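Engineer: One structure coming up, written as structure tokens, with questions to follow.
The values are calculated or read from the model by the stated rules, or taken from the named source; none is laboratory data. From a predicted model like this one, the values you see are computed outputs, not experimental measurements. Cβ placement follows ideal geometry from the backbone for every residue including glycine, while neighbour counts extend to all protein chains displayed.
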Amino acid sequence: MRLLLVEDDERVAAALVAVLGRHGFQVRHARSGHEALDALVPDGSDPYRVVLLDLGLPDRDGFEVCSRIRAHSGVPVIMVTARADIRSRIHGLNLGADDYVTKPYDMGELLARIHAVARRGLAAEPAEPVSQAGPLEARGILIDRERRRVSVQGRDVPLTRKEFDLLALLAQSPGVVYRREQIFSEVWRSGWEGNGRTLEVHIGSLRTKLALPGLVEAVRGVGYRLIPEQPAG
């Protein structure tokens, strides 16, 4: 498995490269945001299965690097950082990070998280042709599943990969309640347990970006549904 490590601390990077190498990873070490983007962005291809991204980089903030990566690539990104506050965690997930790990971390847990996001990435690849179905329209939202674009009243709305998949799932059947377990199975290709905050963050981000706060309703103890448009009169 090829992995891109974005870390400016040489001692931390050397230790990680050694451990990851013993576990079968081929690691490229990028020491700056610029070097990381050069390794990923130019042709839009995904030569790596996972990116481990530190936020405290010397040339640009890791959040900016994540945003740039996500604009061009679907490669799974794990933010690995000393920033443990909840606002940073939420911001990272909103930008499209697939996971967020705070330092200091247990190496066994980090390895497990790397394998987990890599599995999700592989599981999502065969599912991609599903998005080749026709467009969806609900509540003035046009969802182009072929081009993976969303517009509201003619206004383009840029969404992360997970936000798009979440919206497309809910919009398939407006009014139908999707259980949290089903959402995670279909969008994240993983189990629900322990991931409640991730789902809440993505739902909140969708409401904000679409400027439709009442679009998605939480059904207490069950899941979420997209509120169907009420008939006139």
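Engineer: Quick test of your reading of the structure: TYR48 fulfils all but one of (1) free of Cβ contacts under 8 Å to residues at least 24 places away in the same chain; (2) within 26 Å of GLY108 (Cα to Cα). Name the failing condition by number.
Structural biologist: Result: TYR48 passes all but (1).
Engineer: To continue, here is another question. Taking the criterion of being under 24 Å from ARG119 (Cβ atoms) and modelled with pLDDT of 80 or more, would at least one residue in the range 186-193 satisfy it?
Structural biologist: Yes, that holds for at least one residue.
Engineer: I'd like the full set of residues that are modelled with pLDDT of 85 or more, of a type outside the set (A, V, I, L, M) and surrounded by fewer than 16 Cβ atoms within 10 Å (Cβ to Cβ), limited to the range 214-233.
Structural biologist: Within the range 214-233, the first condition is being modelled with pLDDT of 85 or more, and the residues that meet it are 214-220, 222-227.
If we keep only those that are of a type outside the set (A, V, I, L, M) too, we end up with 214, 217, 220, 223-225.
Within the range 214-233, GLY214, GLU217, ARG220 qualify.
Engineer: Quick one: which residue in ALA124, ALA112 is at pLDDT below 85 and of a type outside the set (Ser, Thr, Tyr)?
Structural biologist: Details: ALA112 fails: at pLDDT below 85.
The unique qualifying residue is ALA124.
Engineer: Let me ask another. Any residue in the range 199-216 that's in contact (Cβ under 8 Å) with a residue 60 or more places away in the chain and part of a strand (DSSP E or B): show its pairings with residues that are surrounded by fewer than 20 Cβ atoms within 10 Å (Cβ to Cβ) and not hydroxyl-bearing (Ser, Thr, Tyr) at Cβ separation under 6 Å, as long as the two are six or more apart or on different chains.
Structural biologist: none
Engineer: Among what's in the range 97-112 and is surrounded by fewer than 20 Cβ atoms within 10 Å (Cβ to Cβ) and of a type in the set (D, E, K, R), pick the residue that is nearest to VAL75 (Cα to Cα).
Structural biologist: GLU109
Engineer: Could you name every one of the strands (runs of 3 or more DSSP E) located completely within the range 1-59 that has at least 1 residues being surrounded by fewer than 17 Cβ atoms within 10 Å (Cβ to Cβ) and at pLDDT 90 or above?
Structural biologist: Details: elements: 2-6, 26-30, 50-53.
Those strands (runs of 3 or more DSSP E) span 2-6, 26-30.
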